[in-house]
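> Take a look at the following structure, please.
The values are calculated or read from the model by the stated rules, or taken from the named source; none is laboratory data. Small disclaimer: the values here were computed from a predicted structure and weren't measured. Cβ: placed from backbone, ideal geometry, glycine included. Neighbour counts: every protein chain shown. For accessibility, only protein heavy atoms count, side chains too; no ligands or nucleic acids. Shrake-Rupley method; radii C 1.70, N 1.55, O 1.52, S 1.80 Å.
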Amino acid sequence: MASVISLSAVTLVLGGARSGKSRYAEGLIETAAMHGTYCATAEPGDAEMAGRIAAHRARRQEVAGGDFWHTIEAPLDLSATIARHTAPGRPLLIDCLTLWLSNLLLADKNIETETRLLCAALGEAAAPVVLVANEVGLGLVPETPLGRRFRDAAGRLNQEIAALADHVVFVAAGLPLVLKEPG
């Protein structure tokens, strides 16, 4: 495997639902490091979501006999998770920012404050961080005020992380399109 140095300090992988963005982000770390930490932000609120989480876990277990990924669950406090769980030689994958944002909204947290804390933590991370997010602004305008608030907040969050990131990739139909390259 290659050295972890080949990963950018911050990489953002965007895409739509079922676009292949998580698999692509996992592959970035799997080809660059001997081990990775997987930060899952999803919470199994219903049986369908629990099934999605189980499928993601099963896919990670297939890598290196299940020894590659160390999984942590952090539905709300990403800045502390980055501080605690980044270490040289062990990149961190956060999957996904969009679910994290949803969790923050439902918990009535201050989105701007949490975003500032996240950006600061990314700047101080001890290892590369790859973040996955949904691009929700390509579809219909949401019907409800909460839906519009979420879509707008997701767009702002993606813009802030993309501005900070060294490397940004948009994934559609499993194919990566590089939007921003290091340097």
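> Using a 1.4 Å probe over the heavy atoms of the protein chains, calculate the carbon and sulfur portion of the accessible area of the chain as a whole percent.
Looking at the chain in its full context, I get 57 percent from C and S.
> So what is the accessible area of segment 38-120 per residue, in Å², with the probe set to 1.4 Å?
49
> Whole number please: convex hull volume per residue, Cα atoms of segment 135-183, in Å³.
Given the Cα convex hull of segment 135-183, per-residue volume reads 70 Å³.
> Going by accessible area, probe 1.4 Å, with all protein chains left in place, what is the ranking of L78, L106, L164, L28, largest first?
So, going from the largest accessible area down, we get L106, L164, L28, L78.
> Run the simple label-point estimate for R156 and L179 please: 7 Å along Cα→C-beta, distance reported in nm.
Each label point lies 7 Å from its Cα, and together they span 1.7 nm.
> How compact is segment 72-169 by the rule of thumb for globular proteins, expressed as Cα Rg over 2.2 N^0.38 Å?
Dividing the Cα Rg of segment 72-169 by 2.2 N^0.38 Å gives 1.08.
> Additional query: Hey, with R₀ at 22 Å, roughly what FRET efficiency would A80 and E112 work out to, going by the Cβ-Cβ distance, to 0.05?
Here the calculated transfer efficiency is 0.80.
> When you have a sec, figure out the Kirkwood radius of the chain from all distinct Cα pair distances and drop it here in Å to one decimal?
Result for the chain, one decimal place: 16.5 Å.
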